[in-house]
Amino acid sequence: MPTPRLTDLPGTVLRLIERHSGTVTGAETVSAGRNSAIAALVRTPERDLFVKGLPLDHPRVWTQKREADVAPYVQEVAPRLHWHAESDGWNLLGFERIEGEHADYTPGSADVAAVMAVMTRLADIPAPGLELKSMPHRLRTYVDDPADLAWFAGDALLHTEWTPQNALVTSNGARFVDWGWVSTGAAWIEPALWLLWLIAHGHTCEEAEREAAAHPAWEDAPGEGLNALARAQRRLWDSIAAAGADEWVRPVQRAARAWDNHRNPA
């Protein structure tokens, strides 16, 4: 479920930021994203920052540590992490501020190729020796046949959360943010998860798969594995929608159903 976003930074948060980056001279909360209670552009004499955070008692506060742990390994494709702080009831991450726009995934947008170019660079980064979730584990409750989980196994480093808000397109290419659900799995899963968002933003299933085919791992994607992933993604997004999520879920749910129908016609 989305986490309510604070529109004003509590004094405890401001003081925690100042311990690491100096006096806060300006702060502007941002509305994009759904997983953080704190998301703000912060100015200090030392640097401009993007700060995100969760209360220490939040059930997904572990995603903050996951982002901090993986940050040194993905600097080539993501904003640099300046600091990670946990104190006074909050867990905060202070990233370099990136000037860019959220990706446009509609047909014909140049952002689609820009995101794929950097996704391809991500594919060359080996998974670090961290304790990361695996895709078979994450999808275990969304398959009818547990044998299908074998298709998803692998040691590739995967971002997995391809909402347009997680891809910032800058003058120097795309950068990927929000690494809380970074996982390991078969390399072809990354473009397969991404194509759902292309469908949700107007691509046909055939068009979305053609865009995904630009990823170097797509050539190795097994047909039965793609079929199994399409079934699992449909169940996953139906489950998210049934839990009463916000309206942003509906287009992705429809995309997952469309892709499942495309891969697994009745």
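The values are calculated or read from the model by the stated rules, or taken from the named source; none is laboratory data. Remember, it's a predicted structure, so these values are computed and weren't measured experimentally. So basically every Cβ, Gly included, is an ideal-geometry build from the backbone, and we count neighbours across all protein chains shown.
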**Complete:** The one condition residue 94 fails out of (1) over 30 Å from residue 117 (Cβ atoms); (2) at pLDDT 90 or above; (3) outside any helix (DSSP H, G or I); (4) not hydrophobic (A, V, I, L, M, F, W, C) is (1)
**Item:** Candidates 148, 144, filtered to the one that is outside any loop (DSSP other than H, G, I, E, B) and surrounded by fewer than 22 Cβ atoms within 10 Å (Cβ to Cβ)
**Value:** 148
**Request:** Exactly one condition in (1) in contact (Cβ under 8 Å) with a residue 24 or more places away in the chain; (2) part of a loop (DSSP other than H, G, I, E, B) is not met by residue 75; state its number.
**Result:** (1)
**Item:** Criterion violated by residue 154 - all others in (1) within 17 Å of residue 257 (Cβ to Cβ); (2) assigned to a loop (DSSP other than H, G, I, E, B); (3) at pLDDT 95 or above; (4) not polar (S, T, N, Q) satisfied
**Value:** (1)
